[in-house]
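Heads up: the structure comes next, in C-alpha cells.
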Amino acid sequence: LETMRYPEPLDPLSVPLAEHLVDDLVHTTQSYANLKKQHNKTVQEFGSAADKLDALSKEHERVILENNMLHMETIRASESKEDTERKLYQRLKSQEEKIAEFNFWKEQNFDKFEKMEKENMLLRKQLAEIRPGFV
C-alpha cells in the first residue's frame, strides 16, 4: 500500500478486502487499457472506412455524371436518327409520287402514240387509195 501512497496502517482483518480492492483496481486498469486500444483500433478502422466511403462517393458522383452525359448523347443520337429517317421517308414518298406521275404520263403518251400510229396508218392507207404510188 505504501507504493500506492497509502501510508495508513492496515488492520489484519482488512487485508483480504484490500487485496480484493487492489485486484479489482488492477483488473479495471487492464480493462481500461484494453478498451482504449480497442477504441483506437475502431477509430482507425472508422477513419479508413470513411476514406473509402469518400473515395466511393466521389467515384459514384463521377459515374453518375458520365452516365447522364452518355444518356443525353444517346437521346440526341436517337433524335437525330429519327429526324434523318423521317426526312428519308419523306424523300422516298416524294420520289415514289414522281415515279407514279411519270408512269401515268408515260402510259398517257404511249396510248396517244398508239392512237396516232393507228391514225397515221389509216391516213396512209386512205392516201394510198386516193393517190396510188404517192406513199
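The values are calculated or read from the model by the stated rules, or taken from the named source; none is laboratory data. Every value quoted in this text rests on a predicted model; they were computed, and no experiment measured them. When we count neighbours, we look across all protein chains shown, and the Cβ atoms used for this are built from the backbone with ideal geometry, even at glycine. Quick note on the areas: whole protein, heavy atoms, side chains included, nothing else; ligands and nucleic acids left out. Shrake-Rupley method; radii C 1.70, N 1.55, O 1.52, S 1.80 Å.
Here are the numbers for the structure shown:
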| item | result |
| --- | --- |
| Qualifying residue in segment 65-74 (condition: open to solvent by 80 Å² or more (accessible area, probe 1.4 Å), out of contact with any helix residue (DSSP H, G or I) (no Cβ under 8 Å at 6 or more places or on another chain), among the hydroxyl-bearing types (Ser, Thr, Tyr) and at negative phi) | yes |
| Qualifying position, being out of contact with any strand residue (DSSP E or B) (no Cβ under 9 Å at 6 or more places or on another chain), modelled with pLDDT of 95 or more, open to solvent by 100 Å² or more (accessible area, probe 1.4 Å) and basic (Lys, Arg), among Arg91, Arg124, Arg131 | Arg91 |
| Residue match in segment 9-23 (condition: loosely packed, with under 10 Cβ neighbours inside 10 Å and either part of a helix (DSSP H, G or I) or within 60 Å of the chain's Cα centre (by Cα) (or both)) | yes |
